[in-house]
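As structure tokens, the structure follows; a few thoughts come after it.
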Amino acid sequence: AVSVSLFFLMSAYLHLLKIRHSPEINWREFYIARAKRIYPLYVVIFVLVAAITAYFRPVNANNIGEFMKFSLEWLLFQNASFAGFQSHLAIAGVQWTLVYEWCVYAIMPLIHMIYHRKICFQPAAWIAIVGAWWIFEHSIGKFYWLFVLALPAVVLAKPIQTMLNKFPYIIHMIMIPLTVYIFGYTIGYSWEQRIALTVWFMFVAHGYSFANLLNLYGLRKLGDISYGIYLIHGLVLFMWFGVWKMFDFGQGNFVGYVWQLPLVFAVAIGLAQLSLRYIETPFVRKK
């Protein structure tokens, strides 16, 4: 819950900055760029999931229509099942977050019009706004608060930067226990967690790095491949433990299980790096 919440806060923050600093936005180009960033790897993962699904639930003339419906729902980021096989578990069900991401993308033209006080006449903007209504109707409203709560980080930028410059040790004394509290003692998606994360995010967004820890090269590289890790890690776990049975959970050997995890991490990170190089980056750069 903390990771997903931070993903929503970060996304909203970056796009609010874009709106604030861009009096004019070509919305058609914006949505094409977003699609090129999100869909190529997602489609590759879906093809793999569809193949796994077809392996466990063979497709035939009687269920081809159901399989087509299942495919469409997946391309719309829905946790769809086919013939009783819960395919979304193959990627740990992570695609649900992209529904909320796309709804925020779709409503951005409206936010832009309100902020800059002028009507946009681009067809892409109005198509997106209508689409946002449909997406909102097929999602859970409470998660959108996490996008709204990025506003303080945008509005209070100067006071936060002043505090970071003048009182660094006091900020340390706040942020370290706050981090432990958020991760260890809050309930997922509760208002308590949301408010605590809002405060935490305000400082991190403006440069607080836990004594430069967040600026380490390795962590920045993990940031580069984070979308790949997000989509791929569940598939690695599913194949490793669910299909290939690399560990016998019936043994109750927790230490043996823990020893498997570095290998799982290495495979997931390696595949994410390959996806960045050969799938994500080429499509983002493609004109």
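Of the residues 115, 65, 92, the one whose Cα sits farthest toward the positive end of the charge dipole of segment 9-129, with +1 on the Cβ of Lys and Arg and -1 on the Cβ of Asp and Glu, is 115.
Given the pairs 36/221; 166/221; 36/245; 18/286, which span a C-alpha to C-alpha distance of over 24 angstrom in this model? Pairs exceeding the cut-off: 166/221; 36/245. If you wrap the Cα atoms of segment 197-245 in a convex hull and average its projected area over all directions, you get 4.9 nm².
In the context of the full set of protein chains, residues of the chain present 58 Å² of accessible surface per residue (probe radius 1.4 Å, heavy atoms only).
Rg of the Cα atoms in segment 141-287, relative to 2.2 N^0.38 Å, amounts to 1.33. The ellipsoid equivalent to the alpha-carbon distribution of segment 107-178 has semi-axes of 36, 18, 6 angstrom, derived from the gyration tensor eigenvalues as √(5λ) and listed largest first. Restriction of the trypsin sites (Lys or Arg not before Pro) in segment 210-265 to DSSP coil positions whose beta-carbon has at most 10 other beta-carbons within 10 angstrom yields 245. Amide H to amide H, with H built 1.01 Å from N, residue 82 comes under 5 Å of 87, counting only residues 5 or more places away or on other chains. Measuring nothing but protein heavy atoms, the accessible surface of the chain at 1.4 Å probe radius is 70 percent carbon and sulfur. Express the relative contact order of the chain as a whole percentage, based on alpha carbon pairs under 8 Å and six or more residues apart in sequence. Reported as a whole number, the value is 27 percent.
The alpha-carbon atoms of segment 64-136 define a convex hull whose volume equals 90 cubic angstrom per residue.
Note on segment 31-79: Kirkwood radius taken over Cα pairs, Stokes-Einstein applied at 4 °C and 1.567 mPa s, translational D equal to 110 µm² s⁻¹.
The structure-derived value of Rg and Dmax of the Cα atoms in Å appears in the list [x] 21.2, 70; [y] 19.1, 58; [z] 24.7, 92 under the label [x].
The values are calculated or read from the model by the stated rules, or taken from the named source; none is laboratory data. Note that the structure is a prediction, hence the values are computed from the model and not measured. Virtual Cβ from ideal backbone geometry, glycine too; neighbours counted across all protein chains shown. For accessibility, only protein heavy atoms count, side chains too; no ligands or nucleic acids. Shrake-Rupley method; radii C 1.70, N 1.55, O 1.52, S 1.80 Å.
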